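Colleague: This is the structure, below, for whatever I ask next.
Here, each number is a calculation from the coordinates, and none is a lab measurement. All values derive from a computational prediction rather than experimental measurement. Positions of Cβ are backbone-derived with ideal geometry, glycine not excepted, and every protein chain shown enters the neighbour counts.
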Amino acid sequence: MKCARWRGYCPSVPELDHIIFASPDLDEGVAHIKGLTGAEAAFGGPHIGLGSRNALLTFDDTTYFEVISVDPDQPEPKRPRPFGLDDTTTMHLAGWAIHPSPGEPVEDVVELMKTLGTDPGPISSMSRKKPDGDEISWRLTSGDVAFKAGGSLPFIIDWGSTPTPALSQPKMGELVSLTVTHPDAQIRSIVSGLDVGVEVAEGPQGLSAIIQTSQGQVELR
């Protein structure tokens, strides 16, 4: 384990888990990404109770790409859908997630984020059924803090004993870079302090990813 820079404290060393791409319609989002990259995302499944569903691609064995949208087959959820889906009218990068390094608990990453100056919120459990009927489960922090930061800050997800979806999805290509652009120096400092390879830049809030695909280099925002 490498040791962090902060006050002699050696916390968890998280890793980038996945990038979220929001679309008003899942099929349209999948078709858009396929047109850009040549890769067709595999249907993941519904997030029961949240009113959303997804389709997935992978970069490597630990990091993947999620297309997420409103699920028209679910009733209206009791709370707003994640990643601003209720108000999404255009396709865009909406957020990102990190996970603990192997053998470390999600609670350690929570403490790291607190040390860096932000509370990622409470940890809860979720699950969904895959198209083959198998159920997968995970633990994650509330996405509220990340959403309020416009997707600039990550939420934390811990797959535990469940294999990460990154191991079983169609290949999208190589993630060259993920950049968080934000006018607030504290937000940029938190992202840098996580040390997960995400770049930061000063400017209007936004996310951008550069991906090397079979059809050439693609930039998503």
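Colleague: Considering the Cα trace of the stretch 15-172, what is its radius of gyration and what is Dmax, both in angstroms?
Modeller: Cα only, the stretch 15-172: 14.9, 42 Å (Rg, Dmax).
Colleague: Against the longest alpha carbon principal axis of the chain, how many degrees, from 0 to 90 and to the nearest 10, is the axis of helix 185-194 turned?
Modeller: 90 degrees
Colleague: Could you tell me what fraction of 2.2 N^0.38 Å the Cα radius of gyration of the stretch 135-221 comes to, as a two-decimal ratio? Before the final figure, lay out each step's value.
Modeller: On the way: Rg = 14.8 Å, N = 87, 2.2 N^0.38 = 12.0 Å.
So the Cα radius of gyration is 1.23 times the expected 2.2 N^0.38 Å.
Colleague: Let me ask something else about it. Please sort 62-74, 38-50 by packing, taking for each peptide the average over its residues of neighbouring beta carbons within 10 angstrom, highest first. Could you put the intermediate results ahead of the total?
Modeller: Values: 62-74: 20.3, 38-50: 17.8.
In descending order of packing, they fall as 62-74, 38-50.
Colleague: I would also like to ask the following. For 91, 113, 126, which order do you get if you count the other beta carbons within 10 Å of each Cβ and list the fewest first? Working shown, then result.
Modeller: Values: 91 19, 113 25, 126 14.
Starting with the residue having the fewest Cβ neighbours, the order is 126, 91, 113.
Colleague: Give the order of 37, 162 when sorted by the count of other beta carbons within 10 angstrom, beginning with the fewest.
Modeller: On the way: 37 22, 162 14.
By the 10 Å Cβ count, ascending: 162, 37.
Colleague: Calculate how steeply helix 26-37 sits against the longest principal axis of the alpha-carbon atoms of the chain, using the helix alpha-carbon long axis, and give the answer as 0 to 90 degrees to the nearest 10.
Modeller: Taking the Cα atoms of the chain, the angle to 26-37 is about 70 degrees.
Colleague: By counting other Cβ atoms within 10 Å of each Cβ, how are 152, 142, 127 ranked from fewest to most?
Modeller: Values: 152 22, 142 16, 127 12.
In order of increasing Cβ crowding within 10 Å: 127, 142, 152.
Colleague: Right, next: Can you give the helix-only mean residue ellipticity at 222 nm for the chain, where every DSSP H stretch with n ≥ 4 adds -39500 (n - 2.57) and the sum goes over all residues, rounded to the nearest 500 deg cm²/dmol? Kindly include the intermediate steps, with their values, before the conclusion.
Modeller: Details: 4 runs with 38 residues, N = 221.
The per-residue figure over the chain is -5000 deg cm²/dmol.
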